[in-house]
Amino acid sequence: MRLTLEFGGGLELLCKSVKIHNVDVDLKAGEDKLTMRGLLSWVRTNLIKERPEMFMKGDSVRPGVLVLVNDCDWELSGQLDTTLEEKDAIVFISTLHGG
């Protein structure tokens, strides 16, 4: 599934300072849809190059990370259970600032 992922607010530093990633995420065997839970697992394995604990806590994002799916707050669409579709755009923005 082709998706666009964008990291901002400092999260791009965890991905070698690349803000926008056009990715192909394969569905796991036996799955017919991709959810945010599956995408976050894929991101941790394939995109985060250092300090994954700064992005994720357990199987979700850390508190203070705003997640938008097609410009809509993921809290309105089911958070981890949000179903993703081809060409969706997912944005992760850190709202925590030190200073």
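Overview of values
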item: Scope the range 1-28; condition open to solvent by 60 Å² or more (accessible area, probe 1.4 Å) and farther than 20 Å from GLU85 by Cβ; matching residues; result: LEU13, LYS16, SER17, VAL18, LYS19
item: Residues satisfying the stated conditions in the range 29-55, i.e. open to solvent by less than 60 Å² (accessible area, probe 1.4 Å), among the hydrophobic types (A, V, I, L, M, F, W, C) and farther than 14 Å from PHE92 by Cβ; result: LEU34
item: Residue tally, condition open to solvent by 40 Å² or more (accessible area, probe 1.4 Å) and either touching a strand residue (DSSP E or B) at 6+ places or on another chain (Cβ under 8 Å) or not small (Gly, Ala, Ser) (or both), over the range 56-67; result: 5
item: Qualifying residue in the range 54-63 (condition: modelled with pLDDT under 95, more than 10 Å from the chain's Cα centre (by Cα) and under 22 Å from ASP26 (Cβ atoms)); result: yes
item: Contacts under 8 angstrom Cβ, first residue in the range 44-65 being of a type in the set (Asp, Glu), partner part of a strand (DSSP E or B) and open to solvent by less than 20 Å² (accessible area, probe 1.4 Å), 6 or more apart; result: none
item: Residue count, the range 29-88 (criterion: of a type in the set (D, E, K, R), assigned to a loop (DSSP other than H, G, I, E, B) and within 15 Å of LEU14 (Cβ to Cβ)); result: 4
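Residues checked against (1) of a type outside the set (Asp, Glu); (2) modelled with pLDDT of 95 or more:
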{"position": "VAL23", "(1), (2)": "yes, yes"}
{"position": "MET36", "(1), (2)": "yes, yes"}
{"position": "ARG44", "(1), (2)": "yes, no"}
{"position": "GLU50", "(1), (2)": "no, no"}
{"position": "ASP71", "(1), (2)": "no, yes"}
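The values are calculated or read from the model by the stated rules, or taken from the named source; none is laboratory data. None of the values given here were measured: they were computed from a predicted structure. Heads up, the Cβs are rebuilt from the backbone with ideal geometry, glycines too, and the neighbour counts pull from every protein chain shown. We work out accessible area using only protein heavy atoms, side chains counted, and drop any ligands, DNA or RNA first. Shrake-Rupley method; radii C 1.70, N 1.55, O 1.52, S 1.80 Å.
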